[in-house]
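Peer 1: Have a look at the structure that comes next, please.
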Amino acid sequence: QLVLDVLDKDGAINDTRTLVLPGQTEPASSQDAQIIILGALNSLSSREMITYTTQETLTHVLTPEGASIALNGSHEARVWSAVPAKGEGSTVTPKDVEKLLGSEISKVGQGRAFKNKWIGKEGNNLVKLASEIVDSTQLEMREVDSTGTLKTGEKALADLRKRKLISQRKGQWFTVQKGPNFSTSTAKPETDLTVDMLTSGAWKTSTFKKYNFEAEGVPTSGGALHPLLKVRDEFRSIFLEMGFAEMPTSSFVESGFWCFDSLYVPQQHPAREVQDTFYLSDPSTSLPPPQEYYKRVARVHEHGGYGSTGYRAPWNDAESRKLLLRTHTTASSAAMLWKLAARCRGEVDDSKEDELATHSGATSKNQTQIKDGFRPAKLFSIDRVFRNETMDATHLAEFQQVEGVVADRGLTLADLIGFMRVFFKKMGIENLRFKPAYNPYTEPSLEIFAFHPHLRKWVEIGNSGMFRPEMLEPMGFPKDVHVHGWGLSLERPTMIRYGISNIRTLVGHKVSIEGVEKTPAVRF
Ligand code: PHE
């Protein structure tokens, strides 16, 4: 209102430092006052009531020592105050002054007070020589504090700067002109055009707030992908760009046959015990598996075949029929490979389009066909698996597995290793090591290690291998068709990627919804 009134009276404000703010007696020459004025200028100019230009200036502010002098007086004045007048009776020695004011103030203060002839010596005692003093340093401090400068000019300012009582600071002041919407009324401008304003005609005389096209707007609330789903999406795109097709993996419940037997996991294997695997109680048994295949699998377990001696342990049909929560997505891979081998078993009429063509990842329908009908395939899946784990910071009873299998004639271990390097490179992991490992269904088996740049050590990131003939040949694959596969968890790279150390902040009831909404998408 002050700015508008002065503009109305004088037509312009040439220097906002001359304004006297409401409740003040002195002009607003300090920087703090100019900042208050700037706030008002911005608000008025956004309504185009005024225009203003900024002028740069150098002002001065008090250092902490200067501020203390403004409050308590200069060192010399404090020494003078501490000393009695001549003949006053009491005695004060330099030591007493030091005790009272501290050595720094008393030393500098006594020096100056003597020089100014404010105090003198009488024997060992100090006495006042001047009955009254003008503490010009304190007055200067107060002047700088309220005006940012000294009337006496630059020389005095330079002296105070040298004494480290004041320092220079960039300041601003403003010149102000009337704007196109100038008026002395600060009534808030309208923000909306209302029906009332239209019918009454008030819109003709109203002032409207300018539309702010730069405003970010209120954030909209909407769905957000969980970090695991973002990383899953990234894995999917890596697989898809490498020509893989996604396997159907919706069956969380599998039979012991597909989860273990078909993979040549012995029926006595510890992973199959209740402390590792969740079994279903209702229903507890599966429908019978495909009979011919089932017989071949039972035979290779019990008696061997295809060049193998088998496990030579009695086969148990009940074990095979138990229903369980799948412990790995390799159960789905096995079922898909068995379907893929249907052509080799002569069960698929090639002239008909079938489900496999869309699921095999084969690049062309006219793939070279050899007598047994085999077509190469690249398949992947990313889905949930369940294990009866003791839960801790890095383990839950379920996690997601990323799995790939490649089937082709004459594949070798070198193909698998080469493939791993390409796959992980796409995730930004270039430093790989392979360590011999054991899986019942692969030989050789390799654990994959990557160098973790932040942990500065090698961490296991996956498991892989060449599927055994005991698994592939009962399915009907010819001997020269080799299949390699590998698996890793989705959680581990996600936790590393987002710097999460406890699985419970990623999965479960402790996940922060806000965190999920704000987590950026991942790019490997
Ligand atoms: N099923 C293995 C696991 O759970 C991963 C794997 C898949 C290993 C395919 C080899 C071949 O760790």
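The values are calculated or read from the model by the stated rules, or taken from the named source; none is laboratory data. Keep in mind that this is a model prediction, so the values were computed, not measured. Note that we place each Cβ from the backbone using ideal geometry, even for glycine, and neighbour counts take in every protein chain shown.
Peer 1: When you scan the stretch 310-324, do you find a residue that is within 16 Å of the ligand (Cβ to nearest atom), closer than 17 Å to Trp258 by Cβ and surrounded by 18 or more Cβ atoms within 10 Å (Cβ to Cβ), even just one?
Peer 2: yes
Peer 1: Scanning for something within 16 Å of the ligand (Cβ to nearest atom), in a strand (DSSP E or B), in contact (Cβ under 8 Å) with a residue 40 or more places away in the chain and among the hydroxyl-bearing types (Ser, Thr, Tyr), does the stretch 404-418 turn up at least one residue?
Peer 2: No, there is no match, as no residue in the stretch 404-418 is within 16 Å of the ligand (Cβ to nearest atom), in a strand (DSSP E or B), in contact (Cβ under 8 Å) with a residue 40 or more places away in the chain and among the hydroxyl-bearing types (Ser, Thr, Tyr).
Peer 1: Here's another thing I want to ask about it. I'm checking my understanding of the structure. Among residues of the stretch 460-475 that are part of a strand (DSSP E or B) and hydrophobic (A, V, I, L, M, F, W, C), which one is nearest to the ligand (Cβ to nearest atom)?
Peer 2: Here is the first cut: in the stretch 460-475, the residues part of a strand (DSSP E or B) are 460-467.
So of that shortlist, the ones also hydrophobic (A, V, I, L, M, F, W, C) come out as 461, 466-467.
On the way: Ile461: 11, Met466: 8, Phe467: 7 Å.
Only one residue tops the list, namely Phe467.
Peer 1: Which of (1) out of contact with any Gly (no Cβ under 8 Å at 6 or more places or on another chain); (2) within 14 Å of the ligand (Cβ to nearest atom) does Glu447 not meet, given it meets every other one?
Peer 2: (1)
Peer 1: Scanning the stretch 439-459 for residues that are of a type in the set (D, E, K, R) and in a strand (DSSP E or B), which turns out nearest to Cys259 (Cα to Cα)?
Peer 2: Looking at residues that are of a type in the set (D, E, K, R) and in a strand (DSSP E or B), I get Glu443.
Peer 1: Run down Pro436, Pro478 and say which single residue is outside any strand (DSSP E or B), surrounded by fewer than 19 Cβ atoms within 10 Å (Cβ to Cβ) and modelled with pLDDT of 95 or more.
Peer 2: On the way: Pro436 fails: outside any strand (DSSP E or B).
After ruling out the rest, the residue left standing is Pro478.
Peer 1: With (1) of a type outside the set (A, V, I, L, M, F, W, C); (2) more than 10 Å from the ligand (Cβ to nearest atom); (3) farther than 22 Å from Ala521 by Cβ as the list, and Arg497 as the residue in question, which single condition is left unmet?
Peer 2: Going through (1) of a type outside the set (A, V, I, L, M, F, W, C); (2) more than 10 Å from the ligand (Cβ to nearest atom); (3) farther than 22 Å from Ala521 by Cβ one by one, Arg497 breaks only (3).
Peer 1: Continuing with this model, one more query. Return yes when Val481 is within 13 Å of the ligand (Cβ to nearest atom) and within 24 Å of Tyr264 (Cβ to Cβ) and no when it is not. Even if it seems obvious, please write down each step before you answer.
Peer 2: Working: within 13 Å of the ligand (Cβ to nearest atom): no; within 24 Å of Tyr264 (Cβ to Cβ): yes.
No; evaluated as a whole, the condition is false for this residue.
Peer 1: Output the helices (runs of 4 or more DSSP H) that fall wholly within the stretch 1-96 and possess 2 or more residues being surrounded by fewer than 19 Cβ atoms within 10 Å (Cβ to Cβ) and over 47 Å from the mean Cα position of the chain (by Cα), or say none. Give the derivation first.
Peer 2: Values: elements: 2-10, 31-46, 64-72, 75-82.
Of the helices (runs of 4 or more DSSP H) lying wholly inside the stretch 1-96, those with at least 2 residues that are surrounded by fewer than 19 Cβ atoms within 10 Å (Cβ to Cβ) and over 47 Å from the mean Cα position of the chain (by Cα) span 2-10, 64-72.
Peer 1: List pairs: first in the stretch 155-177 and at positive phi, second acidic (Asp, Glu), Cβ under 9 Å, 6+ apart or cross-chain?
Peer 2: Lys164/Glu65
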